[in-house]
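First the structure, in the form of structure tokens, and then the observations on it.
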Amino acid sequence: MKKEKCYMCEKGTLENKKVDFSLHGVVLGKFSAQVCDSCGEKFFDETSSDLIDKAAKEKGLWGLEADTKITKTGSSIAVTISKQIANFMQLQKGKRVHLHPENKNKLIIEVASS
């Protein structure tokens, strides 16, 4: 049986494997995927994708992404964080965070250790 070529790099061949899948830094488990032996890209079929979605929902990770607008507070600006993300990250008023730009399009917010 001829192995499939990688859809991304078009150099490697795809092998069926069980691979770890993480979302927002939380491991959801091992799932069946085709993995490129050259570039390492992983491809999940519909069944695996459904299982990943189910695990994410069970762990409360489904839909944590959010768009928000920058607001003005006094002479500074502020970014609001959704309640769902705040709960996931255990953020509350008064909690210290560290901000730094990764580049001109990405701002990193890290929760300061207690």
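Return only the number of the condition from (1) among the charged types (D, E, K, R); (2) in a loop (DSSP other than H, G, I, E, B); (3) in contact with a strand residue (DSSP E or B) (Cβ under 7 Å, 6 or more places away or on another chain) that K18 does not satisfy.
(2)
Which of the following residues is closer than 30 Å to K106 by Cα and touching a Phe, Trp or Tyr at 6+ places or on another chain (Cβ under 9 Å): L14, L23?
L23
I'm trying to understand the selection: among the residues of the range 64-107, which are loosely packed, with under 11 Cβ neighbours inside 10 Å and within 25 Å of L28 (Cα to Cα)?
Residues satisfying the conditions are E65, D67, K83, Q90.
Which one of these does S48 not meet: (1) surrounded by 13 or more Cβ atoms within 10 Å (Cβ to Cβ); (2) in a strand (DSSP E or B); (3) free of Cβ contacts under 8 Å to residues at least 24 places away in the same chain?
(2)
Sort out which residues of the range 80-95 are in a helix (DSSP H, G or I) and of a type in the set (S, T, N, Q), and write them in order of number.
Q84, N87
Just to be sure I understand, how many residues within the range 12-23 are under 29 Å from M89 (Cβ atoms) and loosely packed, with under 14 Cβ neighbours inside 10 Å?
So the count comes out to 2.
Every number in this text was worked out from the coordinates using simple rules, so none of it is lab data. Please read all numbers here as calculations on a predicted model, not as lab measurements. Note that each Cβ is placed from the backbone with ideal geometry, even for glycine, and that neighbours are counted across all protein chains shown.
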